[in-house]
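*Asks:* Below you'll find the structure I mean.
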Amino acid sequence: MISTVFLNKSPNIVLMITFALMLIVSLILDQKYTWFKYTQLIFLGAFHYTSHLNWSISLYYIMILYLIQHKVRFRDTIPVAFLVILQYSLIRLSYVPTTTYNLLVTVYDMITSIVIILLFHVIVRIETERRQLTKQNNYLTDHDTLTGFNNYVGFIKKIQKNIDTKKEFWVVMFDINNFKSLNAKGIINANEILINFSLALQERFPNHLGASRYSGDHFALILPPTEQIDDKLKFGNLGIQVTFSITHFPQEADTFQQLIQIGEDRIYQMRREYWLNRQEEQLRTDKMKMVGELAAGMAHEIRNPLTSIKGFIQLSQNSGYNIQPWYEVIMGEISRVSELTVEFLQFSKPHVSNMKLEIIANSMMRVYSLCESEALSYGHYIEMEATNQDIMVWMDRDKIIQVLINLIRNAIQAMERAGHIQFILRREGNMAVIQVRDNGKGIPLNGLDRIFDPFYTTKEDGTGLGLSLCQKIIEDHNGNITVESEVGVGTLFTVHLPMYQE
């Protein structure tokens, strides 16, 4: 504009200055009055026409960029750029001679404007992608992609932000108790559970100050002090069991570390109570199931001999049949019922009442002396091996002898031909280990899982309570009994009992 005045190119300097000022005012006020945008190109053209300055094209380029700054697509910016450059070219041709050179300059100006637009779009696209990547990276740093909640990092920032306000709030932490069992059904099902739970939290607590899934199935909410909490913390309709804790700022904690620590401790205590209650309930269920199985088994075992006895009596009553020749059979069935009753009573109350410090090898020698003659009568022999004669155990001697006799007799009866029974005592760490091995017919694989079940037996005259009773006695001594077997090779029973520690 100054050069125009000094070079005396403007036909009307006052108008030129007026249009320049109007252009500047429109640029300043267009943020407040949007209609000024439509006058800027007019004021620029008027300024150009009154100044006769070719360098006004730089103002036109700036105007193009200003007008297309919010247009994303290239095809939307071409018409704007074309109109602006067309205006510049027409005004320029109005005060310069219409020569080939000036026409070429006009074409050059139009091509330059297109190049500027292309460069503008390239720069805008690169910057847009950079901002999107930065925004996405910032989002992923602070958020959980599955639920949209804050992750642990974002959760800490939210808590700290609320702490900085010095206003009171609640931190409610959640843990899905049965998530592992639900997760076993598959990743898709597990993700669906987490998403549904997050949606439920958003629906029930729309005024939360922050929501987080900060670890696996652990969620947390930051709630204002006016929020009604207790009546919204049941999630049975989602098919999940949730443990939660509530911590208040600043009454209970004044740092985010304390808030999280107190909340996690309370979650742990509630989960512990939940699992203890669940185990107790499961134990009651198992006991009732066991009682039912025992009752059914006992009824079945007693019914068979009673049916035989009843048959003989009915035959004698109805036909005058002399049952005296069958007295021995009848008495045998009665004895069987009596034996079943005794074993059942022992099984139902296998309490260890006479605990003393005993040398376990002495009890094994007692069993060996009691069972050796019986084994020899079947053509078997027992080999006892007790290298650690000094092993001492707190035990009820009679009960342990009862267990070992039962195992030896089972081994004797398991071998159809002359066989060999190994009766071994050894030490494993702090445990006394007693093994009874035979080379009999072995136990089928489908029978091993049930070998200690009440009333399960493979013997024709067995009650099925012997091994169950053995297991209970050993468990009452804080030990355990296991079995290994291979059909056609033999069976090995192993008893572990804790040794006496001085």
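Only the coordinates and a few stated rules stand behind these numbers; no lab work does. Model, not experiment: these values are computed from the prediction. Ideal geometry is used to build each Cβ from the backbone, glycine not excepted, and the neighbour counts take in all protein chains shown.
*Asks:* Which one is surrounded by the most Cβ atoms within 10 Å (Cβ to Cβ), of the residues in segment 118-151 that are within 30 Å of F174 (Cβ to Cβ) and of a type in the set (F, W, Y)?
*Replies:* Within segment 118-151, the first condition is being within 30 Å of F174 (Cβ to Cβ), and the residues that meet it are 135-151.
Adding the requirement that they be of a type in the set (F, W, Y) leaves 139, 149.
Working: Y139: 12, F149: 23.
The residue in question is F149.
*Asks:* Within the set of pairs 6+ apart or on separate chains, which have a first residue in segment 227-247 that is without any contact (Cβ under 8 Å) to a residue 60 or more places away in the chain and over 12 Å from F197 (Cβ atoms), a second that is hydroxyl-bearing (S, T, Y) and surrounded by 18 or more Cβ atoms within 10 Å (Cβ to Cβ), and C-beta atoms under 6 Å apart?
*Replies:* none
*Asks:* Could you list, in sequence order, the residues of segment 375-427 that are over 51 Å from the mean Cα position of the chain (by Cα) and part of a helix (DSSP H, G or I)?
*Replies:* The answer is A375, L376, S377.
*Asks:* Moving to a separate point now. Cβ-Cβ below 8 Å, separation at least six or inter-chain, first residue in segment 96-108 and surrounded by 14 or more Cβ atoms within 10 Å (Cβ to Cβ), second of a type in the set (S, T, Y): which pairs?
*Replies:* T106/S89
*Asks:* Could you list, in sequence order, the residues of segment 410-455 that are surrounded by fewer than 17 Cβ atoms within 10 Å (Cβ to Cβ), closer than 23 Å to V367 by Cα and charged (D, E, K, R)?
*Replies:* E416, R417, R426, R427, E428
*Asks:* Go through (1) assigned to a helix (DSSP H, G or I); (2) surrounded by 13 or more Cβ atoms within 10 Å (Cβ to Cβ); (3) over 20 Å from the mean Cα position of the chain (by Cα) for E203 and report which single condition fails.
*Replies:* If we test E203 against (1) assigned to a helix (DSSP H, G or I); (2) surrounded by 13 or more Cβ atoms within 10 Å (Cβ to Cβ); (3) over 20 Å from the mean Cα position of the chain (by Cα), just (2) comes out false.
*Asks:* Oh, and also: Of these, R450, R366, which one is outside any strand (DSSP E or B), touching a Phe, Trp or Tyr at 6+ places or on another chain (Cβ under 7 Å), free of Cβ contacts under 8 Å to residues at least 40 places away in the same chain and not polar (S, T, N, Q)? Step through it out loud before you land on a result.
*Replies:* Numbers: R366 fails: touching a Phe, Trp or Tyr at 6+ places or on another chain (Cβ under 7 Å).
Checking each option against the conditions leaves just R450.
*Asks:* Starting from segment 408-437, take each residue that is without any contact (Cβ under 8 Å) to a residue 60 or more places away in the chain and among the charged types (D, E, K, R) and list its partners that are surrounded by fewer than 17 Cβ atoms within 10 Å (Cβ to Cβ) and in a helix (DSSP H, G or I), counting only C-beta distances under 9 angstrom and pairs at least six apart or across chains.
*Replies:* R409/E374
*Asks:* Can you tell me how many residues in segment 245-263 are part of a helix (DSSP H, G or I) and surrounded by fewer than 16 Cβ atoms within 10 Å (Cβ to Cβ)? Let's see the steps before the verdict.
*Replies:* Of the residues in segment 245-263, the ones part of a helix (DSSP H, G or I) are 256-263.
Narrowing further to those that are surrounded by fewer than 16 Cβ atoms within 10 Å (Cβ to Cβ): 257-258, 261.
Matching residues across segment 245-263 total 3.
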